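Peer 1: Please read through the structure below; I'll follow up with questions.
Any read-out appearing in this document is the output of simple, stated calculations on the displayed coordinates, not a laboratory observation. Keep in mind the model is a prediction, meaning the values are calculated, not measured. Neighbour counts are summed over all protein chains in view; Cβ atoms, including those assigned to glycine, are modelled from backbone coordinates with ideal geometry.
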Amino acid sequence: MKNPGPERLAHHAPFPHMSPEFPLKPKIDPTTERSFQILSLPQKDGSFVASVVEAPQILVYSRSRKTAEEKAARTFLKTPDPHAYKNHPLTLTKAVTIDMEFDQEAGAWVTYVKELHGTSTFGDTEIAALDMTAEMIRGYIRSMQANRKRIPLAASKLAELKRVVGLR
């Protein structure tokens, strides 16, 4: 801080999590933009334990707070992100509506694209199902164009959908 306040008012600092001694720190991985929080607490023997709030099963012990926090963050970032599908291009587009559900019997995620005659595909994870859906849409569009069939979308929505799935 450029103009630090008196020590007796330190608890009123605008960003307490910026202090290295504050136990709860918000983090954002710069490469994946995955956000999480690390909690690190001192132990009786002078060491520290760090855990990720979003994954409480991760517990890392170390002699220094910084090392424990860094190891916990690395461990967490190696685990798959269960919410990554929310950033998939098909979930962000307004060109089509994609319904997704988990089929217990098949043990797979199933997607349906209502606007394209209810076409459907599946995948082991949400991301895999959305990737397969993009592949299915590419095949659907190519097939409809090759057979000179009308694609049931407005021109602007079709152009957006082609952009999202990687067609020209």
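Peer 1: Can you list the HN-Hα couplings for segment 109-126, worked out from phi with the Karplus curve (6.51, -1.76, 1.60; θ = phi - 60°), rounded to whole Hz and with x for Gly and Pro?
Peer 2: Taking θ as phi minus 60°, the curve returns 8, 10, 10, 10, 10, 4, 5, 10, 6, x, 4, 9, 8, 8, x, 5, 10, 4 Hz for segment 109-126.
Peer 1: Would segment 82-121 count as rounded, prolate or oblate if I go by the C-alpha gyration tensor, calling it rounded below 1.5 in a/c and otherwise prolate when a/b exceeds b/c, oblate otherwise? It would help to have the intermediate numbers written out before the result.
Peer 2: Details: a/c = 3.47, a/b = 1.15, b/c = 3.01.
Taking the square roots of the gyration eigenvalues as a ≥ b ≥ c, segment 82-121 is oblate.
Peer 1: Can you report the principal axis dimensions of segment 116-158 using only the alpha carbons, biggest first, rounded to whole angstrom?
Peer 2: Each principal axis gives a Cα extent; for segment 116-158 these are 33, 20, 14 Å.
Peer 1: What are the lysines whose alpha-carbon lies under 23 Å from the alpha-carbon of Lys25, with same-chain residues fewer than 8 places away excluded?
Peer 2: Leaving aside lysines fewer than 8 places away in the same chain, those within reach of Lys25 are Lys2, Lys44, Lys66, Lys71, Lys78.
Peer 1: With Cα extents along the principal axes in Å as the read-out, I listed [x] 75, 43, 21; [y] 60, 34, 27; [z] 61, 28, 26; which label goes with the value calculated from this structure?
Peer 2: Checked against the structure: label [x].
Peer 1: Calculate, in nm to one decimal, what Ala84 and Lys66 gain on full extension: separation in residues at 0.36 nm each, minus their alpha carbon distance.
Peer 2: 3.7 nm
Peer 1: What lysines could a cross-link reach from Lys157, if we take a straight Cα to Cα line under 19 Å and drop same-chain neighbours fewer than 8 places away?
Peer 2: By straight Cα distance, Lys157 reaches Lys94, Lys114, Lys149.
Peer 1: Among all the aspartates and glutamates, which ones have a C-alpha under 13 Å from Lys27's C-alpha, if same-chain residues fewer than 8 places away are not counted?
Peer 2: Counting by Cα, and skipping residues close in sequence, Lys27 has these aspartates and glutamates nearby: Glu54, Glu69, Glu70.
Peer 1: Between Ala154 and Glu101, how many nm apart are label points set 7 Å from Cα along the C-beta direction?
Peer 2: Rounded to a tenth, the inter-label distance reads 2.9 nm.
Peer 1: If amide hydrogens are placed 1.01 Å from N in the peptide plane, which non-local residues have theirs closer than 5 Å to the one on Thr121?
Peer 2: Thr111
Peer 1: How big is the shadow of the Cα convex hull of segment 36-130, averaged over all directions, in nm²?
Peer 2: Reported value for the Cα convex hull: 7.9 nm².
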